[in-house]
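The values are calculated or read from the model by the stated rules, or taken from the named source; none is laboratory data. No experiment lies behind these values; they were computed from the predicted model shown. Heads up, the Cβs are rebuilt from the backbone with ideal geometry, glycines too, and the neighbour counts pull from every protein chain shown. Please note that ligands, DNA and RNA were not included when accessible areas were found on the heavy atoms of the full protein model with its side chains. Shrake-Rupley method; radii C 1.70, N 1.55, O 1.52, S 1.80 Å.
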Amino acid sequence: MRHTKWKAASRAAIALTGAGALAAGMALFMTAPAAAGTTLGASAAEKGRYFGTAVAAGRLSDSNYTTILNREFNSVTPENEMKIDATEPQQGRFSYGAAEQIVNHARSRGMSVRGHTLAWHSQQPSWMQGMSGSALRSAMLNHVTQVATHFRGQVVAWDVVNEAFADGSSGARRDSNLQRTGNDWIEAAFRAADAADPNAKLCYNDYNTDNWTHAKTQAVYNMVRDFKSRGVPIDCVGFQSHFNNDSPYVSNYRTTLSSFAALGVDVQITELDIQGAPANTYRSVVEDCLAVARCNGITVWGIRDSDSWRSSQTPLLFNSSGQKKAAYDAVLAALNNGTTPTDPPTDPPTDPPTDPPTNPPGQGGCTATVSVNQWTGGFVATVRVTAGSSAINGWTVTIGLPSGATVTSVWNANRSGSSGTTTWTNVAYNGQVGAGQSTEYGFQANGTAAASAPPARRADGPSAVRGGPERRAPANGASPERPDAASRRCG
């Protein structure tokens, strides 16, 4: 059973003491150091979500570009640097330099990273374009495995397969060299990605799937429903949402998001840009996402209009000089005015969601573990709550922060206290966790989560439960350290 990220939980309590109680690990969402609600990332984090952007490695030397990036966003997606032609230009010879530049920039500043994309009919290197049959299938699976393994623990979600369905009214798969290897190629790619990076979210990503009535949208929906029914490891669906005069925003967009979410997957707006950047349309898109509990993030496809693949359409939130546009103000206002939804997704399909039912709290217990991504002067902590043998409903976690550490932003939890002993409880949309399932929340703090300290202790006794995520190097280049985790039963 896959662990669920960006989702739901149960009644856990964990006490962490000493400077080393928080240890090196992988960051989830966070915001750059800025007052909550004054930037896109900070405001989204308050709603338990991320607000990200596509990033090009070649623009990281542009100070205007990086100033906006570091200030406004808490998630990044490499624009081209993780695609097949960039990461495996010659068969069996992998090149990660440009992608690592983006990943390192993001993680050193506490931003999460979406991986894009592992398997795609486009932007294939010439050696792959000429392949077919079993040789191509083997090469594709090896590529998925090698790239996902290389970035394991650094990427919170992968666009495993991109744009596999045809446009038009047929609802058919796109004819491509990958499709001609067999109709199961998408499933095979997801299973390979799951084996290579089991803790990352695995997403299917496509464009022109915004309108709920379109055949392409329904075809993707039916595939996801089939995957969920058969246990194929799919966690999320990405909607590119490139809106323009030929493919405009539609009033049933929210129905599309909520209908997919009702299948038991997260939904994410992955490549948003809107021709002319109309403020009202941008506002509507954000409000639609906020209205669906499992719409956990929005990514705009570029920062300034000059960075856009459709620069002549001026579709982004910042003009070519880096100045905020009216659309920016509309998005920020929508994020700040939004509330965490407490109702089920709106307009769900007739089939019921496939999430497991929940039981009253106190049955089967649960554990909580914590990991940290630290840099000079601050860190991001990710806390995972895992249900025991029975489903649980509602959770509480208590964390003793190291001396001098102060919480600056929070996502997916309510907080009591900003320093010293802090108490965390579920928000309305993540108060339930199925048996054996997990949920995560996180926070950013100023200060230091040091490496050496007494072991974390259970809140109800002196014994410690050691464990947690695998060893990973911290973002600041220090030596890897063993993550510490404490747990106790939920009651």
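Whether a residue is open to solvent by 10 Å² or more (accessible area, probe 1.4 Å), over 23 Å from the mean Cα position of the chain (by Cα) and closer than 23 Å to GLY238 by Cβ was assessed, and ASP62 does not pass this test. Of all residues in segment 65-80, those satisfying the criterion of being in contact with a Ser or Thr (Cβ under 8 Å, 6 or more places away or on another chain) and not small (Gly, Ala, Ser) are LEU69, ARG71, GLU72, PHE73, ASN74, VAL76, THR77. Can you say whether GLN240 is within 22 Å of GLN313 (Cβ to Cβ), open to solvent by 10 Å² or more (accessible area, probe 1.4 Å), of a type in the set (S, T, N, Q) and modelled with pLDDT of 95 or more, as far as the supplied structure shows? For GLN240, the condition - within 22 Å of GLN313 (Cβ to Cβ), open to solvent by 10 Å² or more (accessible area, probe 1.4 Å), of a type in the set (S, T, N, Q) and modelled with pLDDT of 95 or more - is not met. Within segment 245-282, the residues that satisfy the criterion of being open to solvent by less than 10 Å² (accessible area, probe 1.4 Å) and either part of a helix (DSSP H, G or I) or aromatic (Phe, Trp, Tyr) (or both) are TYR253, THR256, LEU257, SER258, SER259, PHE260, ALA261, TYR282. Name the pairs: first residue in segment 242-263 and in contact (Cβ under 8 Å) with a residue 12 or more places away in the chain and within 14 Å of ASP288 (Cβ to Cβ), second residue open to solvent by 20 Å² or more (accessible area, probe 1.4 Å) and part of a helix (DSSP H, G or I), Cβ to Cβ under 8 Å, at least 6 apart or on different chains? Close Cβ pairs satisfying both conditions: PHE243/THR281; TYR249/THR281; TYR249/SER284; TYR253/SER284.
Residues of segment 283-299 that are touching a strand residue (DSSP E or B) at 6+ places or on another chain (Cβ under 6 Å) and open to solvent by 10 Å² or more (accessible area, probe 1.4 Å): ARG294 alone.
For the subset of segment 82-105 comprising residues that are of a type outside the set (Lys, Arg) and within 14 Å of TRP120 (Cα to Cα), which member is nearest to the chain's Cα centre (by Cα)?
In the first step, residues of segment 82-105 are kept if they are of a type outside the set (Lys, Arg); the result is 82, 84-92, 94-105.
Applying the additional criterion that residues be within 14 Å of TRP120 (Cα to Cα) yields 82, 84-88.
On the way: MET82: 16, ILE84: 21, ASP85: 24, ALA86: 22, THR87: 21, GLU88: 24 Å.
Step by step, filter segment 82-105, then rank; the result is MET82.
Can you pull out the strands (runs of 3 or more DSSP E) entirely within segment 100-214 that have at least 3 residues that are small (Gly, Ala, Ser), open to solvent by 40 Å² or more (accessible area, probe 1.4 Å) and closer than 25 Å to SER259 by Cβ?
Values: elements: 112-120, 157-162, 201-206.
It comes to none.
Any chance segment 96-109 includes a residue that's closer than 30 Å to ARG49 by Cβ and without any contact (Cβ under 8 Å) to a residue 24 or more places away in the chain? Yes, segment 96-109 contains at least one residue that is closer than 30 Å to ARG49 by Cβ and without any contact (Cβ under 8 Å) to a residue 24 or more places away in the chain.
Does segment 110-134 hold any residues that are under 30 Å from ASN446 (Cβ atoms) and among the aliphatic types (A, V, I, L, M), and which are they?
Initial filter on segment 110-134 (under 30 Å from ASN446 (Cβ atoms)): 110-115.
MET111, VAL113, listed by residue number.
Scoring GLU72 on the criteria (1) surrounded by fewer than 22 Cβ atoms within 10 Å (Cβ to Cβ); (2) of a type in the set (Asp, Glu); (3) under 26 Å from LEU40 (Cα atoms) leaves a single failure, condition (1). Among residues of segment 112-129 that are over 16 Å from LEU141 (Cα atoms), those with a Cβ under 9 angstrom from a residue that is open to solvent by 40 Å² or more (accessible area, probe 1.4 Å) and assigned to a helix (DSSP H, G or I), sequence gap 6+ or separate chain, pair up as GLN123/ASP85; SER126/ASP85. When ALA333, ALA381, ALA413, ALA327 are screened for being in contact with a Phe, Trp or Tyr (Cβ under 6 Å, 6 or more places away or on another chain), of a type in the set (Gly, Ala, Ser), at pLDDT 65 or above and within 30 Å of GLN313 (Cβ to Cβ), only ALA327 passes.
Applying the condition of being among the aromatic types (Phe, Trp, Tyr) and assigned to a helix (DSSP H, G or I) to segment 215-244 and asking which residue is farthest from ASN142 (Cα to Cα) yields TYR221.
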